[in-house]
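Report on the structure given below.
The values are calculated or read from the model by the stated rules, or taken from the named source; none is laboratory data. Please read these numbers as outputs of a predicted model, since none were measured by experiment. A quick note on method: Cβ atoms are made from the backbone with ideal geometry, for glycine too, and the neighbour counts reach across all protein chains shown. The protein model used for the area step is the full one, side chains on, heavy atoms only, and it has no ligands, DNA or RNA in it. Shrake-Rupley method; radii C 1.70, N 1.55, O 1.52, S 1.80 Å.
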Amino acid sequence: MAYSRNIYDNNGAGLEDTVYRYLCPVRKAGSIIGRGGEIAKQIRSETKANMRINEAIPGCDERVVTIYSNSEETNHIEDDDDFVCPAFDALFKVHDMIVAEKFDNDGDYDNDDESSERQTVTVRMLVPSDQIGCLIGKGGQVIQKLRNDTNTQIRVINDNLPICALALSHDELLQIIGDPSAVREALYQVAFLLYDNPSRFQNYFLSSSSTLQHQPGGILMSPAITSSHKNYSAPRDAADARVFSICFICPAENVGGVIGKGGCFINQTRQESGATIKVHTPETDEDDDCIIFISAKEFFEDQSPTVNAALRLQTRCSEKVGKDSSDSAISTRVLIPSSQVGCLIGKGGALISEMRSVTKANIRIFQGEDVPRIARENEEMVQITGSLDAAIKALTQVMLRLRANVFDMDRGLVLLPTFFPYISQTIETSSKPRHRKGENHPHGSEEIARNENYGSQTNLKPPRRNRVY
C-alpha cells in the first residue's frame with residue numbers, strides 16, 4: 001500500500017483491523033445480499049472479510065454495511081498490482097455490485113463516452129470524527145487534492161445525518177459524487193487513507209460475538225474465527241458487566257399495545273432483545289400513567305438489549321401531541337435517577353443543546369413538582385417531543401449518554417448498539433393530558449426490581465427542585 005500504517009495505542013483492541021462502513025440504498029440491498037444471503041456469503045468466501053448488513057430503519061433509505069477484517073495485505077485486486085487487506089477487497093466488491101445494479105435497473109447504461117459523462121454515482125460512508133481528519137488534511141489540503149485528482153465532488157457532512165449515522169453520535173458522513181470511474185478512483189484513495197489511519201474506537205463498531213450468523217435486527221456474515229479476530233471473541237471479566245435500565249412513563253391506556261394480545265408483543269420483544277421488561281400498572285384510578293421498566297446486564301462494547309427493547313417499545317409508550325389526531329408528532333417520557341441528570345445537561349446546558357440541535361427534537365428535563373406523581377423522590381423526567389424520526393433519534397441519544405454514564409465512559413464517544421431493531425411506524429399512542437406530581441406513589445412489585453438496578457442511588461432523597469431545562 002501507499003503509506004505506512006498508523007496504529008493508535010488503545011489497549012490493543014482491534015487496532016490492527018480495518019473497518020469500513022458503506023451506506024447502501026435500501027432498494028439496492030438485495031444486490032449484495034442475494035436470495036438466502038447467497039451473494040453476501042460469496043463475498044465473504046472470496047475475500048475472507050467479515051460483512052454485516054444492518055436492517056433497514058423506518059424513515060431511513062440507507063442501510064449500513066459494516067465490512068471488517070485483519071489488516072494483512074493478502075488479497076489481489078484485478079487490474080491492480082497492489083495487494084490489499086480482505087476488508088478493502090470486500091468494500092469494492094460491494095461497491096461494484098451496487099453500482100452495476102443501479103445501471104441495470106435504470107436501463108440506460110451505455111459504454112460510449114458521451115453517455116458515460118452523463119451518468120453519476122453517489123457513494124456515502126460513515127467515518128468517525130477521530131478518523132475524518134486524515135481525509136480532510138491541514139487546511140483542507142487532502143480533500144481538495146482528492147477532488148482535483150479524481151474530478152469528483154467530495155464533501156464531509158456533520159449535520160442532518162441519516163438515522164443510521166447514530167451508530168456513533170460523533171459520526172461524520174463522507175459523500176462522493178461523480179461519474180462511475182471517477183467515483184471508484186476517489187473511493188480507492190479514500191479507502192487507502194482510512195486503512196492507514198484507523199479509528200481508535202473502531203473495536204466498538206463490532207459485536208464481541210462474531211461467531212453468530214444472525215442476530216435480531218441485522219444479518220451478520222462472518223467466516224470462522226481465526227487468531228486475527230480474537231479481539232471480538234475473547235473472554236471478558238464478568239465484573240465489567242453493568243446493569244443498564246430505562247424507565248418509560250406510559251399512558252395507562254397504552255399498556256394493552258405494549259403487552260399485546262395474550263402477551264405476544266412484550267414476550268416477542270423480550271425474546272428478540274434479550275432484555276427484562278416489566279410492566280407496573282397504577283394501583284388507583286387517580287393514576288393515569290404506568291411504568292414500563294426495561295433492564296439488562298451488559299458489556300459496554302456489546303449490543304445493548306435495553307436500548308434495543310426501548311426502541312421497539314418507544315411508539316407504544318408515547319402519546320400523540322397536536323390537535324390533529326393524524327399528527328405524527330409524539331411525546332416520549334423517561335424517568336432517570338437524579339444523579340444522572342448531569343450527563344444529559346452538560347456544563348452550561350451544552351450537552352442537551354447539542355442533542356436538540358442534532359435530533360431536531362424538543363428535549364426537556366423536568367424536576368420537582370413538574371415530575372408526574374408516579375416518579376419516586378430521587379427521579380427526574382426527560383420528555384422528548386417531535387416527529388417520529390426526531391423522537392427516535394433523541395431517545396437514542398439520551399439512552400446512549402445514560403448508558404455511557406453507567407459505564408463511566410461518558411467523556412468518550414457515545415455508542416449505539418451495532419443493530420437497530422425494526423421499529424413499527426404505527427403510532428399506538430395516547431393524547432390525554434398528563435397529571436403532574438403530587439406525592440410519590442410506590443411502584444408495587446416493580447419497586448424491588450428498580451431498587452436493585454439503581455443500586456445505592458435509590459437511597460438518596462434530595463430535596464425537590466422546581467427546575468425545567
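Things worth noting here:
- Accessible carbon and sulfur surface of segment 122-183 relative to its total accessible area, %, 1.4 Å: 44 percent
- Largest to smallest accessible area among Phe83, Phe88 [probe 1.4 Å]: Phe83, Phe88
- Surrounding net charge for Phe244, when Lys and Arg each add one and Asp and Glu each subtract one, Cβ distance under 9 Å: +2
- Local electrostatic count at Leu91 - Lys and Arg +1, Asp and Glu -1, tallied over other residues with Cβ under 12 Å: +1
- For segment 91-99, 3J(HN,Hα) computed residue by residue from phi via the Karplus equation (6.51, -1.76, 1.60; θ = phi - 60°) reads 4, 7, 5, 5, 4, 5, 5, 5, 5 Hz, glycine and proline entered as x.
- Long pairs among Lys320/Lys347; Lys41/Lys393; Lys278/Lys320; Lys145/Lys360; Lys48/Lys145, criterion Cα-Cα beyond 26 Å: Lys320/Lys347; Lys41/Lys393; Lys145/Lys360; Lys48/Lys145
- Among the protein heavy atoms of segment 260-372, carbon and sulfur supply 46% of the accessible surface, probe 1.4 Å, non-protein parts ignored.
- Once both labels are positioned 7 Å from their Cα atoms along Cα-to-Cβ, the gap between Val279 and Ala241 label points is 2.7 nm.
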